Amino acid sequence: MIGLGSSKTPLSFAAWLHAPNQELALLHLALSPLLPFAADDDHGGVTFHAPSINEFFPDAIFFAGTPFEMNRIVLIRFLAVVVIVLIFWLGTRRMKLVPTRFQGLVEMGLDLVRVNIAEDLLGKKDGRRFLPILTTIFFMVLVMNITGIIPLLNIAGSSVIGVPLVLAAVSYFTFIYAGLKKHPGAFFKNALFPPGVPPFLYIIVTPIEFLSMFILRPVTLTLRLLMNMIVGHLLLVLFFAATHFFFFGLSGGYIAFGVGTLAFGVVFTFFEILVAVLQAYVFTLLTAVYLQLALADEH
C-alpha cells in the first residue's frame, strides 16, 4: 500500500483521487484476483504497512508553501461545509405543513438539538437564543466526523487539531460571553471565588476553579474529539491493511486471520458511525452545560 508522506511538495490534482490506506487495501483486495501481477514490492510479494501518523499530514495540493496551503484534509473540510449548507438549504427552502421525507429528516435533526439539548438544559428562552450556535456545532462536528468512513475520503475533517480547536474556542467564548452578559459584575468573581467557601481556602479553591473553568474546558473539548477521530482512523487502517496482508502476503491458514480482520474492519466501520454521532452530541451537550452554568443565578 501507499503511505502518505509529510513533505510539503505540491501534488498534481490527480493526487486528490488517491484514497487513504484502508481504501487502497480494499481496492487491492477486490482487484488482486483479476490482476495477479499486482504487488507491493519489487519481488512480487505483499508487505505489511502499519498506519502512520503521517497520514494526518498529507502533501499539499494547492498553494503549497503559502499561508493558504491546502491538502486533502482541508478540501474534505470544505466539502463537509458545502454538504451541510446544501442539506439545510434543500431541506428548508420549500417547507410544507405536511413535510416530505427529506424535510422530515432535516427537522428531526434540528429537533434533536433544540429539544434534547438546548431547551432541555437552558429552557425555552435561552435555548432558542443559543440554538443557532448549538445547531452549527452539532452538525459541523457530525459531518466532519462522518467523512472518516466515506469511500475515497476516509479521513475525518476533525482528525487534525484545527477544527476541534476552533469549535472548542467557539464554545469557550460563548459561555464566557453568556456569563458576562447575564452577570456583568459577578461572573468572574463568583467563578473564581465561589460563595460559601471559607476565605482561607481560596488559596486552594481559586487556582483549581481557574484551571477547571478557563483551561481544562476548552482543552478537554478539543482533545476528546481529536483523539477519538485519530484512533478511529488508525484502527480502520490497521484492520484493512492486515486483511490485505493476510490475503495476499501470506497463504494457507493465514487467510482465516484475514477473514477475521476484515470482519473487525467492517464492524468497526459501523462503530465509527456511532462514535461520530456520539462525539457530536457530547460536544454540543457540554457546550450547553457550560452555558447553563454561566447563566445560573448563583453567578
- [ ] Return a yes/no flag: does region 120-129 have any residue that is among the aliphatic types (A, V, I, L, M), assigned to a helix (DSSP H, G or I), under 25 Å from Arg217 (Cα atoms) and free of Cβ contacts under 8 Å to residues at least 12 places away in the same chain.
- [x] no
TODO: Could you pull out the residue among Ala294, Ala280, Ala276 that is small (Gly, Ala, Ser), farther than 27 Å from Leu153 by Cα and either touching a residue at least 60 places away in the same chain (Cβ under 8 Å) or in contact with a strand residue (DSSP E or B) (Cβ under 9 Å, 6 or more places away or on another chain) (or both)?
DONE: Ala294
Open item on the list: Please go through (1) at pLDDT 50 or above; (2) farther than 24 Å from Ile149 by Cα for Gly44 and return the number of the only condition it doesn't satisfy.
Closed with: (1)
Task: Candidates Val106, Val81 - the one that is among the β-branched types (Val, Ile, Thr), modelled with pLDDT under 95 and assigned to a helix (DSSP H, G or I) - done: Val106
- [ ] Give Phe188, Phe210 a once-over and let me know the one that is of a type in the set (Phe, Trp, Tyr), out of contact with any Cys (no Cβ under 6 Å at 6 or more places or on another chain), under 26 Å from Thr284 (Cα atoms) and loosely packed, with under 15 Cβ neighbours inside 10 Å.
- [x] Phe210
Task: Selection count, region 242-281, where residues are on the phi > 0 side of the Ramachandran plot and part of a helix (DSSP H, G or I) - done: 0
TODO: Filter region 234-263 down to residues that are of a type outside the set (A, V, I, L, M) and out of contact with any Ser or Thr (no Cβ under 8 Å at 6 or more places or on another chain) and give me whichever is surrounded by the most Cβ atoms within 10 Å (Cβ to Cβ).
DONE: His244
Open item on the list: The conditions are (1) within 22 Å of Ile230 (Cα to Cα); (2) in contact with a Phe, Trp or Tyr (Cβ under 9 Å, 6 or more places away or on another chain); (3) modelled with pLDDT under 95, and Ser171 fails exactly one of them. Which is it?
Closed with: (3)
Open item on the list: Looking at region 85-97, I want the residues that are touching a residue at least 12 places away in the same chain (Cβ under 8 Å) and within 14 Å of Leu110 (Cβ to Cβ) and have a partner that is surrounded by 12 or more Cβ atoms within 10 Å (Cβ to Cβ) and charged (D, E, K, R) with Cβ atoms under 9 Å, at least 6 apart or on another chain. Which pairs are those?
Closed with: Gly91/Glu107; Thr92/Glu107
Open item on the list: Anything in region 135-150 that is over 15 Å from Val166 (Cα atoms), surrounded by fewer than 22 Cβ atoms within 10 Å (Cβ to Cβ) and not hydrophobic (A, V, I, L, M, F, W, C)? List them, or say none.
Closed with: Thr135
TODO: Have a look at Leu192, Leu223 and point out the one that is modelled with pLDDT of 95 or more, out of contact with any strand residue (DSSP E or B) (no Cβ under 7 Å at 6 or more places or on another chain) and among the hydrophobic types (A, V, I, L, M, F, W, C).
DONE: Leu223
TODO: Find all pairs meeting these conditions: Cβ atoms under 8 angstrom apart; at least six residues apart or on different chains; first residue within region 130-155 and closer than 13 Å to Ala80 by Cβ; second residue crowded, with 24+ Cβ neighbours inside 10 Å and aromatic (Phe, Trp, Tyr).
DONE: Val141/Phe283
Open item on the list: Against the conditions (1) assigned to a loop (DSSP other than H, G, I, E, B); (2) surrounded by 11 or more Cβ atoms within 10 Å (Cβ to Cβ), where does Val98 fall short? Just the number, please.
Closed with: (2)
Task: Glu119 being among the charged types (D, E, K, R) and touching a helix residue (DSSP H, G or I) at 6+ places or on another chain (Cβ under 7 Å) - done: yes
Task: Single condition Thr66 does not satisfy, out of (1) surrounded by 14 or more Cβ atoms within 10 Å (Cβ to Cβ); (2) modelled with pLDDT of 50 or more - done: (1)
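The values are calculated or read from the model by the stated rules, or taken from the named source; none is laboratory data. Model, not experiment: these values are computed from the prediction. Reconstructed Cβ throughout: ideal geometry from the backbone, glycine too, with neighbour counts over all protein chains shown.
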